[in-house]
1. Within segment 218-270, count every residue that is surrounded by fewer than 20 Cβ atoms within 10 Å (Cβ to Cβ), near the ligand (Cβ under 9 Å from one of its atoms) and touching a residue at least 40 places away in the same chain (Cβ under 8 Å).
2. What helices (runs of 4 or more DSSP H) completely inside segment 311-398 contain at least 1 residues that are at pLDDT below 95 and not hydroxyl-bearing (S, T, Y)?
3. Please verify whether segment 134-150 includes one or more residues that are in contact with a Gly (Cβ under 9 Å, 6 or more places away or on another chain), part of a loop (DSSP other than H, G, I, E, B) and at pLDDT 95 or above.
4. Please go through (1) assigned to a strand (DSSP E or B); (2) more than 21 Å from F128 (Cβ to Cβ) for P163 and return the number of the only condition it doesn't satisfy.
5. Which one of these does C253 not meet: (1) within 27 Å of M195 (Cα to Cα); (2) touching a Leu at 6+ places or on another chain (Cβ under 8 Å)?
6. Which pairs do you get when a residue that is at negative phi, found in segment 192-217, comes within reach of a residue that is among the charged types (D, E, K, R) and assigned to a helix (DSSP H, G or I), reach meaning Cβ atoms under 7 angstrom, with the pair 6+ apart or on two chains?
7. May I ask you to verify whether S92 is without any contact (Cβ under 8 Å) to a residue 60 or more places away in the chain, of a type in the set (S, T, Y) and farther than 30 Å from T284 by Cα?
8. Looking at this structure, is A89 of a type in the set (G, A, S) and either over 30 Å from R268 (Cβ atoms) or more than 19 Å from the chain's Cα centre (by Cα) (or both)?
Amino acid sequence: MIKSAGAGSPAVGAGMLLRLIRDGEASTRADLVRQTGLARSTVAQRVEALLAHELVYESRGTVSTGGRPPTMLAFNNAAGVVLVADLGATHSRLAATDLAGNLLAEHAQDLDIGEGPERVLGWVHERFGELLAQAGRRAGDVRGIGVGVPGPVAFSSGRPVNPPIMPGWDGFSLPDWFASRYDAPVLVDNDVNIMALGEHWTHWRSCEHLMFVKVGTGIGSGIVAGGHIHRGAQGAAGDIGHIHLSDHDDVVCRCGNRGCLEAVAGGRALAQRLAAEGRDATDTRDVVRLVRAGDPLAIRMVRDAGRSLGEVLAGCVNFFNPSVILIGGDLGEAHEQLLAGVREITFQRSLPLATRDLRTEPSRLGDRAGVIGAAIMVIERVLAPEAIDRAIQTGLAA
Ligand SMILES: [Zn+2]
């Protein structure tokens, strides 16, 4: 039963009933009465509102013992569509999803974020139109837009803040840009945060404290603390790529400091070192290709990169005590070598209590973690109980 929910409690509106149905906690009106303590008539009335807004639908259940089967209630995933863009430094993935985060259509392409917001978003808008058409939906069906960008973001306003690799984007309002094109909320977050959210929501819901580490050209992490994304005071939480490693002061980082983790273990750094050794490597994907082809130097470098990452993560484990660390990003595709190094050092250097139940695993969503996470970010906002109650009160579709 929902805590503090007395019969007729205003806190338990139609939106909360929808949440129970979506989460699989309730599938009949009787379940809803049991779970909320509301009167049958109140539940019936609120379910009618959800049915009228096509947020739930009814179906006939089955009973093995004979008698009249109960009327089952289910969430209508198709009540709207969400458009999402996971914009990386050099390549991007876009998708249209239903309201459960299932992909309806997607598109991935190399794209330089440095071309600036007008050009990049113009391109995103065109692709969104194509994705909607592929999914058989219209602009009016769009319930929200989610965008991930490779830099810190002021989450409440949807503006990137001092993003080091995104010239022209500092302070640019993505919600304002989309406002004239779609009548739907626009949410923007750091790309690693949405990846962490996507993994957490789809595979680790019961895990309250989790870290997602993206190892690509650079290195960053997203933190789920107490079941929610932890962004920090300025949206810069989890930026582990610029934590200093001892014994690497000979390496200069693009941030101007020396010995940063990403200058030692990031994909760009590895590709440069492999190229200096005569290998055909210009970016992270080349490093992964060489590892997969069994190149002993590439394998050793990625294993060492895992150890360097493990040094920083050992500190994170002692400080934050996550129960799961997930490794994703392009270099995460070479996860066997990378994880071997990470596990070796993390378990050596962290306190035994912090590592007792710690799991260190590869990302399960792979390169779709970002788009799925962006969709979840939007869905959780537009289907939040208070948002549903507001929509029903004002007579609008959710
Ligand atoms: Zn740095």
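The values are calculated or read from the model by the stated rules, or taken from the named source; none is laboratory data. Source: prediction; values computed, not measured. Neighbour counts are summed over all protein chains in view; Cβ atoms, including those assigned to glycine, are modelled from backbone coordinates with ideal geometry.
1. Qualifying residue count, segment 218-270: 3.
2. On the way: elements: 335-349, 352-355, 369-382, 385-393.
In segment 311-398, the matching helices (runs of 4 or more DSSP H) lie at 335-349, 352-355, 385-393.
3. Looking for residues that are in contact with a Gly (Cβ under 9 Å, 6 or more places away or on another chain), part of a loop (DSSP other than H, G, I, E, B) and at pLDDT 95 or above, one finds at least one in segment 134-150, hence yes.
4. Tallying (1) assigned to a strand (DSSP E or B); (2) more than 21 Å from F128 (Cβ to Cβ), P163 fails exactly one: (1).
5. (2)
6. So the pair list comes out as F212/E199; G216/D330; T217/R268.
7. Details: without any contact (Cβ under 8 Å) to a residue 60 or more places away in the chain: yes; of a type in the set (S, T, Y): yes; farther than 30 Å from T284 by Cα: no.
So S92 fails the test.
8. On the way: of a type in the set (G, A, S): yes; either over 30 Å from R268 (Cβ atoms) or more than 19 Å from the chain's Cα centre (by Cα) (or both): no.
When the stated conditions are applied, A89 does not pass them.
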